[in-house]
1. Below 10 angstrom from the Cβ of Glu197, what's the summed charge of the other residues (Lys, Arg +1; Asp, Glu -1)?
2. How much length is gained if the chain between Asn242 and Asp266 is pulled fully straight, taking 0.36 nm per residue apart and subtracting their Cα-Cα distance, in nm to one decimal?
3. Report the calculated FRET efficiency for Thr167 and Glu193 (r = Cβ-Cβ distance, R0 = 41 Å), to the nearest 0.05.
Amino acid sequence: MHRLPRRKKHWYVVGLLAAVVVLVLALQPGLVPGWFGDDDAANAGRATLDEPFRGSPAASWENGASGIDIPPAAASGWMTKAQVALALEKTRDFLVSSNLDPGVLRGQRPDDAIAYLDPDQDDMQTFVKKAFTEPGKRYDATLLFSRFDPARTRLVGDVVKTRCTMTYKEGERRAVDVSIDVTFVYPVASAEEGSDEVTRTIVRRELDISWDDAAWVGRDPTTFSVRKYYVDSTNAGCDVHNGYLTPDFENTEDPDGPAVDPYDRDEPISGAGNGKCGTAVRS
């Protein structure tokens with residue numbers, strides 16, 4: 001695994017693994033209605049403990065797992081229609097256990113999600129081991145899992161807004177390759193007692209996985225291999241690699257990149273922005 005020099009875009013490549021952190025965005029006062037502003041218009045769209053999605057485009061999105069749509073199943077690669085349907089359901093279960101599980105969101109180790117990862121994919125197993133024991137730029141759990149440090153951050157309410165696109169096709173050696181593009185919106189507040197300032201952390205993930213042919217790998221197809229994963233995070237900490245999504249409650253970060261709309265899902269993460277810590281124009 002190597003970081004490209006003189007850039008804030010991180011590429012990680014080992015074997016079948018390719019991960020990239022494209023943008024870690026800060027929020028700037030005045031650009032996001034309802035965030036840090038004190039005029040009447042801003043306050044009218046400001047998130048509150050009772051309405052944590054007020055003023056957000058995600059307010060109309062589905063809640064949690066309901067926003068992870070599974071495409072209709074058909075026979076593909078080595079799998080029958082029924083097997084494809086089961087693989088897609090398991091893929092959704094992985095997304096839920098890695099990004100929506102209440103315990104994981106509150107800092108627990110995502111053991112249910114980790115159990116889906118191919119135990120013979122050495123690069124991923126190394127990543128998982130070090131991400132929870134030696135977190136850093138190369139091994140940061142938030143590259144694949146959504147977690148907050150409960151000593152610093154509390155989730156507001158029980159709802160996470162979700163929007164997802166999932167597709168599949170036959171891959172190499174008759175594997176069934178699944179591609180996911182999913183965005184999660186988490187309303188959060190400081191864990192400090194009495195804090196009522198609500199912000200939102202937005203995490204978009206692109207993930208390509210392979211359900212490999214059982215005959216080829218020589219075991220039951222209960223796990224998948226990871227081909228690549230990208231993550232684009234808003235209000236999750238600029239250049240912070242502690243294994244947790246780290247919202248900036250005090251607006252102390254100094255973004256050096258362009259203004260970016262974290263709800264624009266038209267452009268793939270791999271081609272978005274310039275890798276700098278930019279400014280979100282809405283939350």
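1. Values: positive: Arg46; negative: Glu192, Asp196, Glu250.
Once all neighbours under 10 Å are counted, the net charge is -2.
2. On the way: separation 24, 0.36 × 24 = 8.64 nm, distance 2.96 nm.
The span from Asn242 to Asp266 would gain 5.7 nm if fully extended.
3. Details: r = 45 Å, r/R0 = 1.11.
After rounding to 0.05, the efficiency reads 0.35.
Taken together, the values in this text are just the output of simple stated rules run on the coordinates, not laboratory data. Predicted model only: the values in this text are computed from it and were never measured. Please note: Cβ atoms are built from the backbone with ideal geometry, for glycine as well, and neighbour counts cover all protein chains shown.
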